[in-house]
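The values are calculated or read from the model by the stated rules, or taken from the named source; none is laboratory data. Bear in mind the structure is a predicted one, so any value in this text is a computation, not a measurement. Heads up, the Cβs are rebuilt from the backbone with ideal geometry, glycines too, and the neighbour counts pull from every protein chain shown. Surface accessibility is based on the protein's heavy atoms, side chains included, excluding ligands, DNA and RNA. Shrake-Rupley method; radii C 1.70, N 1.55, O 1.52, S 1.80 Å.
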Amino acid sequence: MDGQRKHPIWAKLVGYAAFCLVILILPLFITDDYLLNKFARYLVFGLVAMALSISWGYAGILNLGQAVSFGLGSYCMAMALKLRTIPIQTGAEGLPDFMVWNNVKSLPWFWEPFHSYGFAIAAGVLVPTILALLIGTFVFRARVTGVYVSIITLALLVVINLVVIDRQRLTGGFNGLTDLAPLELFGLTFDPYAHATYYLIAVSLGAALFLGLAVVHSKTGLIMQAIRDDENRVRYFGYDVAAYQTFALCLSAAVAGFAGMLYTLVMAFASPTFLAVPVSLSIVIWSAVGGRASLLGSAMGAIIVTGVQGSLSDTPAFLETWTLIMGALFIVVVLFLPRGLISLVDRIPLGGSARRRAAAATVAASRSGINAG
Amino acid sequence: MPANAVGATGGTILELRDITVEFSGFVAIAGLTLDVHEGELRCLIGPNGAGKTTALDVICGKVKPASGKVVLGGREITRLEEHQIARHGVGRKFQVPSVFRDLTVRQNMEVALCRAPGVLGNLFRFGNSGASEQLEKLAELVGLEEAMDVAAGALSHGQTQWLEIALLLAQDARLILMDEPTAGMTAHETAKTAELFNRLKGRHTLIVVEHDMGFIKEISDIISVMHQGRLLAEGTVREIETNAEVRAAYLGSGGISGA
Ligand SMILES: Nc1ncnc2c1ncn2[C@@H]1O[C@H](COP(=O)(O)OP(=O)(O)OP(=O)(O)O)[C@@H](O)[C@H]1O
Ligand SMILES: [Mg+2]
């Protein structure tokens with residue numbers, strides 16, 4: 001009996017706080033900046049997997065285009081940083097190098113506002129959100145459900161990926177945006193190996209987890225879960241289901257866009273490979289492995305899977321078989337732990353669950369009839 | 001009949017006017033006209049395929065009629081979306097019990113308790129916003145007070161039926177549409193349901209689709225009989241039982257009591 005294993009909210013809060021504490025004190029134990037950069041990357045993946053958990057795990061929307069939000073966020077940040085790079089050929093006021101190579105004479109209009117960090121950071125969140133708003137309104141008003149939503153979001157990802165690669169003069173095409181200046185904000189420099197970058201990411205992930213927890217425990221979060229269970233039933237209680245679904249998709253896109261921006265900081269480039277199908281599928285696998293109906297579970301799923309992958313990547317022979325390992329892991333989890341690794345934690349008995357077990361027993365006993373009272 | 005027909009004298013709350021429903025050519029409802037009074041408990045009966053469920057579907061907006069109109073409390077609701085109709089005070093229980101199986105009984109009730117339907121407003125609402133006592137009472141009413149923290153998917157069939165009824169009470173709709181509420185219930189459970197429905201009369205208006213004549217006799221004021229998508233007859237239990245047309249309609253399905 002599934003629903004009874006859930007821990008009370010305080011136990012969850014303790015778990016989330018413990019996780020945040022661990023990621024915040026981690027730099028004290030890591031002296032190698034290269035390693036810290038790796039961990040920062042894993043945390044970004046944790047953030048984007050947690051974002052998927054909002055739409056998939058809670059609202060039942062399997063968004064296979066999560067990499068669109070991630071990639072757009074990444075490009076928004078990269079554009080701002082690219083404009084701060086002083087090009088070798090043309091000097092301080094010059095065009096980004098790839099535009100010069102492509103014979104672009106003046107900065108395209110949509111690049112102009114990215115001279116401002118404020119605009120770029122807002123855009124990194126808002127561009128994916130607005131796109132999600134459009135898609136969500138279109139798809140959910142038309143009552144598209146289930147696998148068809150996944151197909152539409154996947155198709156959108158493929159199209160945007162092709163456009164970004166194709167418009168080389170504007171986007172850097174296949175090469176993406178490289179040779180970026182580090183982000184300088186509040187007197188701090190966020191280059192890939194800086195502690196500041198790691199802390200920015202760790203604090204972002206922690207904040208996102210707690211804010212996300214507040215959302216999924218609000219009434220809106222409850223309605224999202226009810227929609228996941230039986231969206232038609234929800235309608236007849238007076239809720240506008242499409243509005244809730246669109247909200248879940250938008251919130252998920254906003255967080256994923258933010259994660260994308262952070263990813264540009266740790267990688268120091270943006271690439272169309274961030275905005276591609278393999279990334280989307282990986283996010284789904286991370287979330288499924290960790291537990292899609294848990295924000296922390298999804299984040300930890302991403303961190304564990306990419307962490308293992310990262311430690312193997314130093315040995316090329318293992319990397320070859322990585323896809324296989326990941327696929328097998330996915331199947332094993334789906335078959336034997338449909339709620340992901342986090343469901344193992346849910347099985348740890350706590351004080352409060354004895355009462356619930358008693359209640360469950362009562363229900364079982366009265367299964368065939370209703371208490372006369 | 002009915003000392004318990006309190007409030008059945010109120011004004012008309014629901015009017016169906018000349019409703020026609022077609023499913024790709026097949027006419028499921030053909031010119032149905034029906035009036036229901038405020039506070040009344042109306043039973044809707046008829047042989048299998050008569051169009052009873054479809055009639056409820058039209059009222060709650062699940063099915064849009066090809067022609068005709070639905071008026072609720074003086075306002076036409078024919079073309080509104082399902083959630084808008086629900087906000088006008090229509091609640092629906094489905095023939096196949098439908099509850100949120102992954103959510104606990106308490107959470108199910110919190111969903112049904114739709115004080116404000118907006119997405120952004122609900123972001124700042126936590127727990128059951130002071131309605132906890134009301135929910136406990138409802139759970140007690142349907143015998144689920146011990147099961148508040150149990151996932152709805154773990155309930156028995158009868159309990160699931162009761163939970164859905166409790167959800168409708170939490171929703172507190174003016175007009176409640178019940179499609180075969182006692183299906184799959186034991187005799188004891190059915191008797192309890194009849195008792196509950198009699199208590200709801202007056203405060204709510206109910207339309208109950210049923211096959212169980214014993215149950216109908218316990219609860220009904222006026223019965224409407226549908227046959228082949230039309231209203232065939234209307235009257236008290238006695239009138240309906242002795243109506244020749246009704247008898248003819250039920251021929252071949254084992255008579256009205258056996259339906
Ligand atoms: N979605 C649909 N598509 C096609 N035909 C349908 C659809 N829904 C109902 N029908 C048909 O319309 C007719 C009326 O169906 P309805 O479910 O309203 O009957 P009912 O009176 O509720 O019957 P029962 O007592 O068996 O529940 C039936 O012949 C049914 O097959
Ligand atoms: Mg029916």
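Of the residues in segment B:11-36, how many are free of Cβ contacts under 8 Å to residues at least 24 places away in the same chain and within 9 Å of ligand 1 (Cβ to nearest atom)?
Within segment B:11-36, residues that are free of Cβ contacts under 8 Å to residues at least 24 places away in the same chain and within 9 Å of ligand 1 (Cβ to nearest atom) number 3.
Taking segment A:155-194 on its own, how many of its residues are closer than 24 Å to A:Tyr34 by Cα and not in a loop (DSSP other than H, G, I, E, B)?
Qualifying residue count for the region: 8.
So the check is Cβ under 7 Å with 6+ separation or different chains; which pairs have a first residue in segment B:200-215 that's more than 16 Å from ligand 2 (Cβ to nearest atom) and a second one that's of a type in the set (Val, Ile, Thr) and part of a helix (DSSP H, G or I)?
If the second residue must be of a type in the set (Val, Ile, Thr) and part of a helix (DSSP H, G or I), the pairs left are B:Met213/B:Ile256.
Among the residues of segment B:82-124 satisfying the criterion of being surrounded by fewer than 16 Cβ atoms within 10 Å (Cβ to Cβ) and free of Cβ contacts under 8 Å to residues at least 24 places away in the same chain, which is nearest to A:Asp240 (Cα to Cα)? Don't jump to the end; show me each part of the working.
Within segment B:82-124, the first condition is being surrounded by fewer than 16 Cβ atoms within 10 Å (Cβ to Cβ), and the residues that meet it are B:95-96, B:115-116, B:118, B:120-121, B:124.
Now drop any that are not free of Cβ contacts under 8 Å to residues at least 24 places away in the same chain, which leaves B:96, B:115-116, B:118, B:120-121, B:124.
Values: B:Val96: 22, B:Arg115: 13, B:Ala116: 11, B:Gly118: 8, B:Leu120: 12, B:Gly121: 13, B:Phe124: 17 Å.
It comes out as B:Gly118.
Of the residues B:Ala86, B:Ala139, B:Ala55, B:Ala116, which is aliphatic (A, V, I, L, M), at the interface with another protein chain (Cβ under 9 Å from one of its Cβ atoms) and in a helix (DSSP H, G or I)? Show your work before the answer.
Working: B:Ala139 fails: at the interface with another protein chain (Cβ under 9 Å from one of its Cβ atoms); B:Ala55 fails: at the interface with another protein chain (Cβ under 9 Å from one of its Cβ atoms); B:Ala116 fails: in a helix (DSSP H, G or I).
Exactly one of B:Ala86, B:Ala139, B:Ala55, B:Ala116 is aliphatic (A, V, I, L, M), at the interface with another protein chain (Cβ under 9 Å from one of its Cβ atoms) and in a helix (DSSP H, G or I), namely B:Ala86.
Can you name the number of the only condition in (1) out of contact with any strand residue (DSSP E or B) (no Cβ under 9 Å at 6 or more places or on another chain); (2) at the interface with chain A (Cβ under 9 Å from one of its Cβ atoms); (3) open to solvent by less than 60 Å² (accessible area, probe 1.4 Å) that B:Ser132 fails?
B:Ser132 satisfies all of (1) out of contact with any strand residue (DSSP E or B) (no Cβ under 9 Å at 6 or more places or on another chain); (2) at the interface with chain A (Cβ under 9 Å from one of its Cβ atoms); (3) open to solvent by less than 60 Å² (accessible area, probe 1.4 Å) except (2).
What are the residue pairs meeting all of these: first residue in segment B:169-195, first residue within 16 Å of ligand 2 (Cβ to nearest atom), second residue among the acidic types (Asp, Glu), Cβ atoms under 6 Å, and 6 or more apart or on different chains?
B:Thr182/B:Asp212
Only residues that are open to solvent by 40 Å² or more (accessible area, probe 1.4 Å) and away from ligand 1 (no atom under 16 Å from the Cβ): list them for segment B:208-223, please.
The initial filter retains those residues of segment B:208-223 that are open to solvent by 40 Å² or more (accessible area, probe 1.4 Å), namely B:212, B:214, B:217-218, B:222.
Once the filter is applied, which keeps residues that are open to solvent by 40 Å² or more (accessible area, probe 1.4 Å) and away from ligand 1 (no atom under 16 Å from the Cβ), segment B:208-223 yields B:Gly214, B:Lys217, B:Glu218, B:Ile222.
Step by step: first the residues of segment B:89-111, then only those that are in a loop (DSSP other than H, G, I, E, B) and among the aliphatic types (A, V, I, L, M), then the one that is farthest from the other protein chains (Cβ to nearest Cβ). Which residue is that? Break it down into steps so the answer makes sense when it comes.
Initial filter on segment B:89-111 (in a loop (DSSP other than H, G, I, E, B)): B:89, B:94-103.
After this cut, where a residue has to be among the aliphatic types (A, V, I, L, M) as well, the list is B:96, B:99, B:103.
Values: B:Val96: 11, B:Val99: 7, B:Leu103: 6 Å.
Among those that are in a loop (DSSP other than H, G, I, E, B) and among the aliphatic types (A, V, I, L, M), it is B:Val96.
Which is at pLDDT below 90 and surrounded by 23 or more Cβ atoms within 10 Å (Cβ to Cβ), of B:Thr186, B:Thr182, B:Thr205? Break it down stepwise before answering.
Working: B:Thr186 fails: surrounded by 23 or more Cβ atoms within 10 Å (Cβ to Cβ); B:Thr205 fails: at pLDDT below 90.
Answer to the check: B:Thr182.
Please pick out the residue among A:Ala208, A:Ala242, A:Ala254 that is out of contact with any Gly (no Cβ under 8 Å at 6 or more places or on another chain), within 14 Å of another protein chain (Cβ to nearest Cβ) and assigned to a helix (DSSP H, G or I).
Working: A:Ala208 fails: within 14 Å of another protein chain (Cβ to nearest Cβ); A:Ala242 fails: out of contact with any Gly (no Cβ under 8 Å at 6 or more places or on another chain).
Selected residue: A:Ala254, the only one of A:Ala208, A:Ala242, A:Ala254 that is out of contact with any Gly (no Cβ under 8 Å at 6 or more places or on another chain), within 14 Å of another protein chain (Cβ to nearest Cβ) and assigned to a helix (DSSP H, G or I).
On the given criteria, is B:Gly39 away from chain A (no Cβ under 14 Å), open to solvent by less than 20 Å² (accessible area, probe 1.4 Å) and within 9 Å of ligand 1 (Cβ to nearest atom)?
On the way: away from chain A (no Cβ under 14 Å): yes; open to solvent by less than 20 Å² (accessible area, probe 1.4 Å): yes; within 9 Å of ligand 1 (Cβ to nearest atom): no.
When the stated conditions are applied, B:Gly39 does not pass them.
Could you list, in sequence order, all residues of segment B:71-122 that are within 16 Å of ligand 1 (Cβ to nearest atom), acidic (Asp, Glu) and more than 30 Å from B:Asp18 (Cβ to Cβ)?
Going through segment B:71-122, the residues within 16 Å of ligand 1 (Cβ to nearest atom) turn out to be B:82, B:92-98.
Those left that are additionally acidic (Asp, Glu): B:82.
Selection gives nothing.
Take the residues in segment B:50-67 that are farther than 28 Å from B:Ala248 by Cβ and among the basic types (Lys, Arg), then tell me which one is farthest from ligand 1 (Cβ to nearest atom).
Ranking the candidates gives B:Lys64 first.
For the subset of segment B:156-196 comprising residues that are facing chain A (nearest Cβ under 8 Å) and touching a helix residue (DSSP H, G or I) at 6+ places or on another chain (Cβ under 6 Å), which member is nearest to A:Asp230 (Cα to Cα)? Working first, answer last.
Keep residues of segment B:156-196 that are facing chain A (nearest Cβ under 8 Å), which gives B:156, B:158-159, B:162, B:167, B:171, B:186, B:188-189, B:192.
Next, only the ones that are touching a helix residue (DSSP H, G or I) at 6+ places or on another chain (Cβ under 6 Å) stay: B:158, B:167, B:171, B:189.
Numbers: B:Gly158: 19, B:Leu167: 14, B:Gln171: 17, B:Glu189: 26 Å.
The qualifying residue nearest to A:Asp230 (Cα to Cα) is B:Leu167.
Given segment A:1-106, what helices (runs of 4 or more DSSP H) lie entirely inside it while holding 1 or more residues that are farther than 24 Å from A:Arg167 by Cβ and modelled with pLDDT under 95? So that I can check it myself, show each step before the final result.
Numbers: elements: A:9-29, A:33-52, A:66-84, A:97-101.
So the answer is A:9-29, A:33-52.
How many residues, within segment B:52-68, are within 16 Å of ligand 2 (Cβ to nearest atom) and open to solvent by less than 10 Å² (accessible area, probe 1.4 Å)?
Here is the first cut: in segment B:52-68, the residues within 16 Å of ligand 2 (Cβ to nearest atom) are B:52-60, B:62-63.
Checking which are open to solvent by less than 10 Å² (accessible area, probe 1.4 Å) leaves us with B:55-56, B:58-60.
So the count comes out to 5.
Quickly run through segment A:186-206 and pick out the residues that are under 21 Å from the mean Cα position of the chain (by Cα) and of a type in the set (Ser, Thr, Tyr).
A:Thr197, A:Tyr198, A:Tyr199, A:Ser204
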